[in-house]
Amino acid sequence: MNQCCKSKPVYRQYNGEDLCKKHFLEYFERKVKRTIGSHKLLTKKEKVLVACSGGKDSTAVLYILHKTNKNPNIKIEAFHIDEGIEKYSDKNTKNIREFCKTHKIKLHETSFRKEFGYSLCYIHTALKEKGVKAKSCTICGTLRRYLMNLYARKTKATKLVTGHNLDDEAQSITMNLFKNNTEVMRRLGPLTGIIRDKKFVPRIKPLYFCTEKEVELYSRLQKFKVSYGKCPCSVDAYRRQVGNMLDEFDKIHPGTKHCVVNSLLELLPSIRKGVKAKLNYCSNCGEPTSRDKCSVCTMISKIKPKTLNKKKK
Ligand code: SF4
Ligand SMILES: [Zn+2]
Ligand SMILES: [Zn+2]
């Protein structure tokens, strides 16, 4: 059998080579650094804000960026949003605070309650009562992306890092393909978005080529204090179904998820070509949007008229 060394193996790669703990950790970190380098995710001078949920993915990417950064012109800080999902959010907030304290990483924090007046659970229920049938994850994602961009600007970050892994991306690509949603698909990739605007901080995904299993193994081997449990609000049945289907396919045809992601990377230049995305600034809060009023203001105004501060910078 093909093995890296004489130590006990913990992981088998696609090429059949078994890796021990030490060599797996090195392999994983190398892969993340290679993704950053080959896709030019960071330049020589950056202020990087890592969006940290307190889960395994964002904790792993924060740890690797912090540990491997030898460039004094690259500053790394963390940002956490408390969604107000009862015990789940409390646990995550506690974990990321402890992690940042241990590793001496500056942590910026906010919460849905502080920014919008309510927790995610309340917003979801209130919208439902008004007849808006949005899923928790859709509401949560919209509010989080809004705050991530806002805080990235507030902290003068030049790049915003998320913990999306290969499984997440393969699911998003397949879901958008199945729903004929090319507009969303062209915004995917390791460096997201097609519009470069002073109010948009570019988002990068250094774990782009790391599978969910690899990230979990890395996190467990590093003994990160993170919770591996599922969010109680996660009811995105469509994503779960697509995820299960890809898992099944990947078992029978190893490498399927990689192929899905690589296909998108090959297609991106042509599907982005000539696209002139419309950009406005929200008439209520001033944040970038393609419409007159951004989706967050539209959503929140349904449950609470006159919310959000006017025109933030
Ligand atoms: S699973 Fe959905 S609701 Fe829960 S934190 Fe993630 S996006 Fe938000
Ligand atoms: Zn080894
Ligand atoms: Zn707005």
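With the Cα gyration tensor of the range 13-123 giving a ≥ b ≥ c as the square roots of its eigenvalues, does the rule (a/c under 1.5 for rounded; else a/b larger than b/c for prolate; else oblate) give rounded, prolate or oblate?
prolate
Residues whose amide H falls under 5 Å from that of residue 82, counting only those 5 or more places apart or on a different chain, are 110, 111, 112, with hydrogens built in the peptide plane. For the listed peptides 99-107, 149-157, a ranking on the average number of other beta carbons within 10 Å per residue, highest first, reads 149-157, 99-107. Computed from backbone phi with θ = phi - 60° and the Karplus coefficients 6.51, -1.76 and 1.60, the 3J(HN,Hα) list for the range 241-254 is 4, 5, x, 4, 5, 5, 4, 4, 4, 5, 5, 6, 10, x Hz; x is used for glycine and proline. 3J(HN,Hα) along the range 182-195, derived from phi through the Karplus expression 6.51 cos²θ - 1.76 cosθ + 1.60 where θ = phi - 60°, amounts to 5, 4, 6, 4, 6, 8, 6, x, x, 10, 7, x, 10, 8 Hz, with x in place of Gly and Pro. With a simple spin-label model that places each label point 7 Å from the Cα along the Cα-to-Cβ direction, the separation between residue 213 and residue 73 comes to 4.1 nm. If both residues of a DSSP beta bridge must be in the chain, then about 25% of such bridges are antiparallel. Note down the Stokes-Einstein diffusion coefficient of the range 242-281 in µm²/s, whole number, using a Kirkwood radius over alpha carbon pairs, 37 °C, and 0.692 mPa s. For these conditions, the coefficient is 266 µm²/s.
In this structure, the amide hydrogen of residue 3, modeled 1.01 Å from its nitrogen in the peptide plane, lies closer than 5 angstrom to those of 18, counting only residues at least 5 positions away or on a different chain.
If you wrap the Cα atoms of the chain in a convex hull and average its projected area over all directions, you get 17.0 nm². For each pair in 133/302; 33/94; 114/198, compute the distance between the two Cα atoms and list the pairs where it is over 21 Å. As for pairs spanning more than 21 Å Cα to Cα, those are 33/94; 114/198.
3J(HN,Hα) along the range 108-119, derived from phi through the Karplus expression 6.51 cos²θ - 1.76 cosθ + 1.60 where θ = phi - 60°, amounts to 9, 9, 8, 8, 4, 4, 5, 7, 10, x, 9, 7 Hz, with x in place of Gly and Pro.
Bear in mind that the values in this text are calculations on the coordinates, not laboratory data. These numbers come from a predicted model, not from an experiment. Cβ sites come from the backbone with ideal geometry, for glycine too, and all protein chains shown count toward neighbours.
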